[in-house]
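Down below is the structure, laid out as structure tokens.
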Amino acid sequence: QVYLVESGGGLVQAGGSLRLSCRASHTFPFNIMGWYRQAPGKEREMVATITPRGNTKHADSAKGRFTIHANMATSAVYLQMDNLSPEDTAVYYCNAVDPGLIQYWGRGTQVTVSS
């Protein structure tokens, strides 16, 4: 069993920055790692994903403000979030998919952006 643990959430003012980190309990050859978020009353949505080759995908809402990085050798993924707005307030979840297409989720970290 692989566990994902997020860190780095918190309270920040609009225009500020946060860096989220996610580490797996042990090194694992994931096909893809990424970040999702869920705001109150809304469905969970993809924020950004990255493959072992470094191919990234960012949601339109994240483009130009958020950047995903990863160290696949240590099964770690990071999300640099700049120019945050109150609309980014949500619980952010780390996600990973293994070669058998099984998904793993972290417990989430709260990001709150005040206006």
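The values are calculated or read from the model by the stated rules, or taken from the named source; none is laboratory data. The structure displayed is predicted, hence computed values, not measured ones. Glycine gets a Cβ as well: all are built from the backbone with ideal geometry, and neighbour counts include every protein chain shown. The protein model used for the area step is the full one, side chains on, heavy atoms only, and it has no ligands, DNA or RNA in it. Shrake-Rupley method; radii C 1.70, N 1.55, O 1.52, S 1.80 Å.
If one computes P(r) from the Cα atoms of the chain, what percent of pairs lie at distances over 18 Å?
44 percent
For the chain, set up a GNM with springs between Cα atoms under 10 Å and report which of Ala48, Ala14, Ala96 has the largest fluctuation.
Comparing Ala48, Ala14, Ala96 in the GNM, the peak value goes to Ala14.
If you average the sequence gap of Cα pairs under 8 Å that are 6 or more apart and divide by the length of region 27-115, what percent do you get for the contact order?
Rounded, it is 31 percent for region 27-115.
Would you list Thr67, Thr51, Thr27 from the most to the least accessible area, probe 1.4 Å?
Accessible-area ranking of Thr67, Thr51, Thr27, largest first: Thr27, Thr67, Thr51.
Can you run the Rg to Rh ratio on region 48-108? Use alpha carbon positions and the Kirkwood inverse-distance Rh.
Result for region 48-108 is an Rg/Rh of 0.97.
Output the Cα-based Rg and Dmax of region 34-73 in Å, rounding Rg to one decimal and Dmax to a whole number.
Final numbers for Rg and Dmax: 11.2, 36 Å.
Trypsin sites (Lys or Arg not before Pro) within region 1-90: which are DSSP loop residues with at most 12 other Cβ atoms inside 10 Å?
The qualifying sites are Lys42, Arg53, Lys63.
With every protein chain kept in place and ligands, DNA and RNA left out, what is the accessible area per residue of the chain? Probe 1.4 Å, answer in Å².
54 Å²
If I compute solvent accessible area with a 1.4 Å probe over the protein chains, what percent of it on region 24-78 is carbon and sulfur?
Of all accessible area on region 24-78, carbon and sulfur atoms account for 49 percent.
Ordered by residue, what ³J(HN,Hα) values in Hz, to whole numbers, does region 55-64 give under the Karplus form 6.51 cos²θ - 1.76 cosθ + 1.60, where θ = phi - 60° and Gly and Pro are x?
Rounded to whole hertz, the list is 6, 10, 9, 10, 4, 4, 5, 9, 4, x.
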